[in-house]
Amino acid sequence: MSVLGLVIGLGALPLLMGTGCTTGDEYTQSTGERIDDHATSSRVREALGDDSQYKYDAVTVTTFKGTVQLSGFVNSRDQKHRAADLARKVAGVREVVNNITVKELAD
């Protein structure tokens, strides 16, 4: 009987602790979505870092439910557009919101 009690007790453990795999809604991520989004952000940062044309040291990448937001500063419009193009090509990216600001360069 003690084995049966242990099995029943372990079966109830997730109910006592919570499910562990919460489901997300439109405002919150599930655990799986959080993991996927973190991996997507890492791949986008890597793609930006590997670009031979520009450096994206001042660009931040944030991902929420597959939507990547780029923010920060770059030196030209071409650099801003290229960052978005690079991000769009990364696996896991559903949409790109490009909030990068082009710095005004003094003449």
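Do we have T63 as among the hydroxyl-bearing types (S, T, Y), over 29 Å from D25 (Cα atoms) and at pLDDT 95 or above here?
Numbers: among the hydroxyl-bearing types (S, T, Y): yes; over 29 Å from D25 (Cα atoms): no; at pLDDT 95 or above: yes.
No: the conditions fail for T63.
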Checklist entry - Can you tell me which residues in segment 53-107 are over 21 Å from G32 (Cα atoms), among the β-branched types (V, I, T) and crowded, with 16+ Cβ neighbours inside 10 Å? => result V59, V74, I100
Checklist outcome for this item: Restricting attention to segment 34-60, the residues that are closer than 29 Å to L105 by Cα and either modelled with pLDDT under 95 or not polar (S, T, N, Q) (or both) number exactly 16
Checklist entry - Does D78 meet the test of being more than 14 Å from the chain's Cα centre (by Cα), part of a loop (DSSP other than H, G, I, E, B) and modelled with pLDDT of 95 or more? => result no
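The values are calculated or read from the model by the stated rules, or taken from the named source; none is laboratory data. Owing to the predicted nature of the structure, the values given are computational and were not obtained by experimental measurement. Ideal geometry is used to build each Cβ from the backbone, glycine not excepted, and the neighbour counts take in all protein chains shown.
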